[in-house]
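Only one structure is covered here, and it is reproduced in the block below.
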Amino acid sequence: MNQYINAKWWEPRPATQAAPLLCIPKKDGTLQTVLDVRQHNDNTIKDVTPLPDQEVICEDVAKARYRSKIDLTDAYEQ
């Protein structure tokens, strides 16, 4: 690491979150950049809300008394 800092390729900077970055050789000789984000993933709040069941949604729409088709492409500006 000091080699790259001395060569002015890298510049040390303070960061609130960082992850180890590695370059490993591929079979063809080129380098592949690998980022280890396991610690970052452990700090992430998991969303445990299940996705809605598509069959239930289709059944609810089929049972609906009224249906409408609304063009929502410009909904933000309206």
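The values are calculated or read from the model by the stated rules, or taken from the named source; none is laboratory data. Keep in mind the model is a prediction, meaning the values are calculated, not measured. Positions of Cβ are generated from backbone atoms using ideal geometry, with glycine treated the same way; all protein chains shown enter the neighbour counts. For the accessible areas, the whole protein counts, side chains as well, though only heavy atoms, and no ligand, DNA or RNA atoms are used. Shrake-Rupley method; radii C 1.70, N 1.55, O 1.52, S 1.80 Å.
Residues in the range 1-40 that are assigned to a loop (DSSP other than H, G, I, E, B), aliphatic (A, V, I, L, M) and more than 26 Å from the chain's Cα centre (by Cα): 1, 7.
Okay, residues lined up against (1) of a type in the set (S, T, N, Q); (2) modelled with pLDDT of 80 or more; (3) loosely packed, with under 10 Cβ neighbours inside 10 Å:
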| position | (1), (2), (3) |
| --- | --- |
| 13 | no, yes, yes |
| 26 | no, yes, yes |
| 55 | no, yes, yes |
| 67 | no, no, yes |
| 78 | yes, no, yes |
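Applying a threshold of 7 Å to beta carbon distances and a minimum spacing of six or more residues, or different chains, the list of pairs starting in the range 14-43 at a residue that is more than 18 Å from residue 4 (Cα to Cα) and ending at one that is open to solvent by less than 100 Å² (accessible area, probe 1.4 Å) and of a type outside the set (A, V, I, L, M) reads 17/40; 26/32; 36/20.
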